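Trainee: Starting off with a structure, shown below.
Where a number appears in this text, it was derived from the coordinates with a stated rule and is not lab data. Nothing here was measured: the structure is a model prediction, and the numbers come from that model. With ideal geometry, Cβ positions are generated from the backbone for all residues, glycine too; neighbour counts draw on all protein chains shown.
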Amino acid sequence: MSGCLVCGGITHEVMSFGRMPLGNGFLRASDFAEEYFWNLSVVCCPRCSLVQLNDPVDKHRMFSANYAFFSSTSTRMAAHFQRLAESLRQVVPEKSFVVELGSNDGSLLQHLSTRRTRVLGVDPSTNVAAVAADRGLPTLARFFDESCARDIVAEHGHADAVVGTNVFCHVPNIGSVLEGCDLLLRRHGVVMLEDPYWGDIVDNTAYDQIYDEHAFYFTGTSVSRLASCHGFELIDVRHFDVHGGSMRYVLGKAGAHAVSDRVEGLLAREAALGLTECHTFDEFRAHTELSRARLLDVVQDLRRNGARIAGYAATSKSTTVLNYCGIGPDVLEYVSDSTPAKQRLYTPGVHIPIRSPEHFRTDAPHFALLFAWNHAAEISEKEKAFTEAGRRWITYVPRVVVAPVPVAPGHALAYS
Ligand code: TMP
Ligand code: ZN
C-alpha cells in the first residue's frame, strides 16, 4: 500500500474494485485490443482523513485530445452554474479577474464572464478547450500548477478568485494546484471548489462515484486540513444536490476572511458521523458488495425471463458499475447517451454499444438501467413516453429499485 498523496501517512484500504478501464475511456471496436486497464482501489489516510485513490492513473492518459465529457449536457447543471456564478460575484470585487480550472467547454465560464469580470479558463483537454475558445471564452489548454500560475500572473495579473467544479478532486498533484492558487490570488482572493461529497457517497452507497478521474473524495474535515497545509483556511461550505451530492468549499488565505459558522457545523457533524475515522468505511465496502449482488440478481432474473434491458446515459460512473458487476452486452443491449461524440463508440471494459436517445425511443427496451441517477428528475420528464408505455426504470443508488419512474436519492436536507 502506498502513502497518502498529500501527507505521506500510511493509508487504510477502504475498497478494492480490481482491474478497471478508464471511466471516460469510451472507445471504437478497433481499439479494444489496446485498451488500458489498472487496479482501482480507494484508501483513507488516518493522519489527514483524506479518502483517495491508492494509485492514480497518469493524468495524461485521462485528459487528452479526445476527452469525451462535455459539461453542457444537462439543463439542470446549466442552471446550477448560473447560480454559482452569482454567488461568486458576491465574494469578489465588482471589477474582477476570475480563473476557472477545468473550464471544459465554457459552461460555467460563460456565466462568469461579464463586462466587469474578466475570465480565463484553464483546461488540459485540447478538444473541449477549443470549443470554449470558439465561443469567445479565453482558454489556456494546459495543466494548472505553480508554473502555469506564474505565467497567468505575468500575462493577466493577479486573480480575485479561482474556481473549479469537479476539478480539485481530479488532480493527484493537488498540493501544487493549491500552491499555484496561492501565487495567482490577491490577498483577499478566494478559491471556490465544488466536488462530490464523500458523506453522500457513503450515505447512498454511491460507489459508482469512484473511478480513475476522482483521485480524492473530500469531506469538510479533509479539505480544511489540506487547505491549512498550503496557507489557506476553509471559510465557507455549502451543500448542493448536484452530481449526486456535492459540497462547495470556499478557501481564503489564512487570516484574510471571516469564517462562516457553517464550517464549524459541518466539521462537528462529520466527527459525529465518523466521517473523520477511516475504519468506519468498512461498512461502505459491505454495502457496496451487497448492492452489486442485488443489481446482478435483478438484471439476470429479467434476462432469464426474456426481458430486453438497455442502459441510460454512458456516464463515467457507469464504467465502475458495469465493470465491477460484470455486466456486458449479453445483459444490456446498448447504452443510450445524448452526447454525439459518444454515440457509435463502446463502453469501456465491457464494450456495450452506445446509441442515441432517438434510438432509445424508437427501439425502446422493456427496462432501462439509469446510470445518470443524479439527473433522474430531468430524464424522467424527458422520457415520459417510456414510463407511459409501461416500461420500467432500474436504479441502484441508494438501493436497487425497479419502478415506473426512476428513484433517486434525496440528500439536500441533511447538509444544507
Ligand atoms: P454526468 O453529468 O452524471 O457525468 O453524466 C453525463 C452523461 O449523461 C453524458 O454522457 C450525457 C448523459 N445524459 C444523457 O444521455 N441524457 C440526459 O438527459 C442527461 C442529463 C445526461
Ligand atoms: Zn494524509
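Trainee: Between Arg269 and Glu388, what length comes free when the chain is fully extended (0.36 nm per residue of separation minus the Cα-Cα distance, one decimal in nm)?
Mentor: Taking 0.36 nm per residue and subtracting the Cα distance, the gain is 38.6 nm.
Trainee: Between the range 1-41 and the range 228-300, what is the separation of their alpha carbon centroids in Å?
Mentor: 22
Trainee: Karplus couplings for the range 345-359 from phi (6.51 cos²θ - 1.76 cosθ + 1.60, θ = phi - 60°), rounded to Hz, Gly and Pro as x?
Mentor: Values, residue by residue: 8, 10, 6, x, x, 9, 6, 9, x, 9, 10, 7, x, 5, 4 Hz.
Trainee: For helix 75-89, report the angle its Cα long axis makes with the longest principal axis of the Cα atoms of the chain; keep it between 0 and 90° and round to the nearest 10°.
Mentor: 10
Trainee: For Val167, Val405, what ranking results if the residue with the fewest other Cβ atoms within 10 Å of its Cβ goes first?
Mentor: With the sparsest Cβ surroundings first, the list reads Val405, Val167.
Trainee: Under a crude label model (7 Å from the Cα following the beta-carbon direction), how far is Val153 from Asn39 in nanometres?
Mentor: 4.1
Trainee: Okay, next question. Can you list residues whose amide H is under 5 Å from Phe232's amide H, if they're 5+ apart or on another chain and H is modeled 1.01 Å from N?
Mentor: For Phe232, whose amide H was placed from the backbone, the distant partners under 5 Å are Ala254.
Trainee: If you don't mind, another one. Per the Kirkwood formula on distinct C-alpha pairs, the Rh of the range 249-295 is how many angstrom?
Mentor: 13.5
Trainee: What residues from the range 339-364 fall in the zone where the backbone N is under 15 Å from a label point 7 Å along the Cα-to-C-beta line of Phe32?
Mentor: 345-354
Trainee: State the percent of C-alpha pairs, over all pairs in the range 302-416, separated by a distance greater than 26 angstrom.
Mentor: It works out to 13 percent of all Cα pairs.
Trainee: Would you pull out the residues with amide H under 5 Å of His239's amide H, same chain only if 5 or more places away, H placed 1.01 Å from N?
Mentor: For His239, whose amide H was placed from the backbone, the distant partners under 5 Å are Arg248.
Trainee: What are the ³J(HN,Hα) values, in whole Hz, obtained from phi via the Karplus relation 6.51 cos²θ - 1.76 cosθ + 1.60 with θ = phi - 60°, for each residue of the range 144-161 in sequence order, with x given for Gly and Pro?
Mentor: 8, 7, 4, 5, 5, 4, 4, 5, 5, 4, 4, 8, 10, x, 6, 9, 8, 8
Trainee: Right, here's the next one. Rounded, prolate or oblate: which fits the range 11-141 when a ≥ b ≥ c are the square roots of the eigenvalues of the alpha-carbon gyration tensor, with rounded for a/c under 1.5 and prolate only if a/b beats b/c?
Mentor: Note, shape of the range 11-141 comes out oblate.
Trainee: Can you give the three extents of the C-alpha atoms in the range 228-371 along their principal axes, from longest to shortest, in whole Å?
Mentor: Its Cα atoms span 62, 35, 22 Å along the three principal axes.
Trainee: Express as a percent, rounded to the nearest 5, the fraction of DSSP beta bridges in the chain (both residues included) that run antiparallel.
Mentor: 55
Trainee: Using only the alpha-carbon atoms, how far is helix 174-184 inclined from the longest principal axis of the chain? Give it as 0 to 90 degrees, nearest 10.
Mentor: Compared with the principal axis, the helix lies near 40 degrees.
Trainee: I've got another one for you. Among DSSP beta bridges lying fully in the range 137-270, give the percent that are antiparallel, nearest 5.
Mentor: Counting only bridges with both partners in the range 137-270, antiparallel ones make up about 70 percent.
Trainee: Tell me, what is the FRET efficiency for Asp145 and Arg304 to the nearest 0.05, using R0 = 45 angstrom and their Cβ-Cβ distance as r?
Mentor: Efficiency computed from Cβ-Cβ geometry: 0.30.
Trainee: Out of residues 5 or more away from Asp195 or on other chains, whose amide H comes under 5 Å of its own, with H placed 1.01 Å from N in the peptide plane?
Mentor: Under 5 Å from the amide H of Asp195 lie the amide H atoms of Asn166, Met247, Tyr249, each far enough along the sequence or on another chain.
Trainee: Angle check, please: helix 316-325 long axis (alpha carbons) against the longest principal axis of the chain (alpha carbons), in degrees 0 to 90, nearest 10.
Mentor: So the inclination is approximately 50 degrees.
Trainee: Then there's this: Got the relative contact order for the chain handy, in percent, Cα pairs under 8 Å and 6 or more residues apart?
Mentor: Computed value for the chain: 15 percent relative contact order.
Trainee: Ok, one more. Compute the Rg/Rh shape ratio of the chain: radius of gyration over Kirkwood radius, all on alpha-carbon atoms.
Mentor: 0.96
Trainee: In the range 76-97, which residues have a backbone nitrogen under 13 Å from the label point lying 7 Å from Thr114's Cα in the Cα-to-Cβ direction?
Mentor: Only 82-97 pass the distance filter.
Trainee: Please go through the range 281-377 and write out the GluC sites (Glu not before Pro) that DSSP classes as loop and that have at most 14 other C-beta atoms within 10 Å.
Mentor: none
Trainee: In the range 103-164, which trypsin sites (Lys or Arg not before Pro) are in a loop and have at most 15 other Cβ atoms within 10 Å, using DSSP for the loop call?
Mentor: Sparse-neighbourhood loop trypsin sites (Lys or Arg not before Pro): Arg115, Arg116, Arg135, Arg142.
Trainee: Would you please give the FRET efficiency between Ala341 and His12, computed as 1/(1 + (r/R0)^6) with r the Cβ-Cβ distance and R0 = 41 Å, to the nearest 0.05?
Mentor: Once the sixth-power term is evaluated, E becomes 0.60.
Trainee: Need the full-extension length gain, Thr362 to Thr75, defined as separation in residues times 0.36 nm minus the C-alpha distance. One decimal, nm.
Mentor: 101.0 nm
Trainee: For the ranges 155-162, 211-218, what's the packing order if you count other beta-carbon atoms within 10 Å of each residue, average per peptide, and put the highest first?
Mentor: Going from most to least packed, we get 211-218, 155-162.
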